[in-house]
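Below you'll find the structure, written out as structure tokens, and then a few comments.
Any read-out appearing in this document is the output of simple, stated calculations on the displayed coordinates, not a laboratory observation. Please read these numbers as outputs of a predicted model, since none were measured by experiment. Positions of Cβ are generated from backbone atoms using ideal geometry, with glycine treated the same way; all protein chains shown enter the neighbour counts.
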Amino acid sequence: MRHDESRRLYDRALSVLAGGVNSSVRATQPYPFFVERGDGAHVIDADGNRYIDYVMGYGPLLYGHDAPEPVQAAVQKHSAAGPMYGAPTEIEVEHAEFVARHVPSVEMIRFVNSGTEATVSAVRLARATTGRDKIVIMQGGYHGAQESTLVKGEPGNVHPSTRGIPDSFAEHTIPVPFNDEETVREVFEQHGDDIAAVMTEPILANTGIVAPVDGYLQTLRDITEEHGSLLIFDEVITGFRVGGLQCAQGKFGVTPDITTFGKIIGGGFPVGAIGGKAQLVEQFTPGGDVFQSGTFSGHPVTMAAGHEYLNFAAENDVYDHVNRLGDDLRAGISDILEDQAPEYTVVGTDSMFKTMFTRDGVTPKNGADVSKAETDRWERVFWQEMKDHGVFLTANQFESQFVSYAHTDEDIERTLEAYKEAL
Ligand code: PMP
């Protein structure tokens with residue numbers, strides 16, 4: 001494969017874009033390929049190379065690169081008609097009604113423009129409505145580029161994970177290991193009266209893919225209730241991806257107080273949302289006094305795309321298709337690993353999958369387990385090999401990969417062939 005044009009573009013980009021990219025994960029080594037266009041489940045780069053795409057925009061593209069016709073029509077209609085006004089539109093109401101109808105925890109919703117904005121506002125809402133400052137999060141979890149959750153460490157020894165955030169911010173955040181009931185109980189024994197919320201993804205999707213052990217999410221539900229704290233599920237990735245239209249909370253049968261959304265809910269356009277019980281969400285301004293606002297929030301084009309995305313999934317075999325291909329892919333990779341790399345494991349559920357380069361064949365239970373995997377080997381050798389075989393995976397060991405409605409059995413077969421050779 002030749003990448004001359006991508007290399008030229010990256011060279012130009014490095015002069016005017018920080019690190020040559022607008023989101024750090026995109027800066028793959030030695031230089032990223034620049035995308036020319038998408039085609040179904042594939043992307044074509046600036047040099048004309050074609051890849052089977054499992055990055056899928058890091059999650060939003062449930063249908064791959066060719067959205068169903070009603071999505072495209074709605075996007076064109078709303079972009080031609082405005083595209084936005086600074087005044088409310090019917091499509092925002094329709095989309096909110098749909099989400100409230102399907103997602104167990106959602107009675108009321110506020111749309112924003114990114115997952116980060118959603119988690120920032122969710123944390124503010126939790127702090128405001130409980131009158132408490134501390135939040136509990138999971139080690140290795142990711143909730144976007146927000147000051148309260150960009151921390152590292154363990155209870156009693158927490159620091160910002162990036163420069164530019166005051167230490168005093170991190171004092172209010174307590175990271176605990178996922179799937180560890182004992183630690184979260186201890187933290188609540190010590191700080192229970194000061195904890196506004198536990199915020200977690202129901203399935204960690206930014207640190208490998210780590211599933212909750214039986215009963216763990218229910219424990220979080222019980223413990224937060226006992227202490228008058230809130231439970232926030234960050235479903236930015238899992239929302240409308242895992243558990244179909246009921247999201248992961250429906251799949252696991254645990255209903256949080258607040259849910260954050262992003263990605264799929266915007267049909268491929270920038271989006272975020274905070275949903276939950278009406279008595280909480282209506283505390284946002286202007287109904288309440290928890291400040292929340294945004295020029296582009298509820299953007300009609302995004303709302304139309306998101307709404308038609310979900311409508312189409314409600315009326316077609318979308319989740320059956322993507323989940324079946326997800327099963328086939330996970331089973332196929334497992335077979336290959338058994339033969340070629342029994343120390344590695346396959347993780348994921350529904351249409352999410354990842355190969356973990358574990359050293360002992362044991363499925364990771366938390367972020368620390370994942371970081372013990374052969375992360376460099378995954379990134380520097382395996383990912384490159386897969387790319388050279390025409391398969392575009394997320395470029396590090398930690399981020400999930402996604403099957404879309406546009407993927408076919410043939411794509412899966414070709415992908416498994418590539419795995420066989422690359423591994
Ligand atoms: N929460 C989770 C669980 C995420 O995976 C992400 C992004 N991958 C975010 C929040 C932040 O979303 P965004 O990048 O849209 O700000």
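Annotations
- Residue with peak Gaussian network fluctuation, the chain [Cα springs, cutoff 10 Å], from Asn22, Asn316, Asn366: Asn22
- Shape of region 274-399, Cα gyration tensor, a/c cut at 1.5: prolate
- Measuring between their Cα centroids, region 326-372 and region 279-319 lie 34 Å from each other.
- Inter-centroid distance (Cα atoms) of region 146-177 relative to region 178-229, Å: 17
- Packing order of peptides 265-271, 69-75, 243-249, highest average first: 265-271, 243-249, 69-75 (average count of other Cβ atoms within 10 Å over each peptide's residues).
- Mean-position separation - Cα centroids, region 48-80 and region 1-37, in angstrom: 21
- Rel. contact order, % - alpha carbon contacts under 8 angstrom, at least six apart, the chain: 21
- Over region 69-315: Rg over Rh, Cα atoms, Kirkwood Rh: 0.97
- Inter-label distance for Asp317 and Gln76, nm, one decimal - labels placed 7 Å from Cα along Cα-to-Cβ: 2.8
- Over all other residues within a Cβ to Cβ distance under 15 Å of Ile165, the charged ones net out to -1, with Lys and Arg as +1 and Asp and Glu as -1.
- Estimated translational diffusion coefficient (Stokes-Einstein, Kirkwood radius over Cα pairs, 37 °C, 0.692 mPa s) of the chain: 149 µm² per second.
- Net lengthening on full extension, Glu186/Arg8 (0.36 nm per residue, minus Cα-Cα): 58.7 nm
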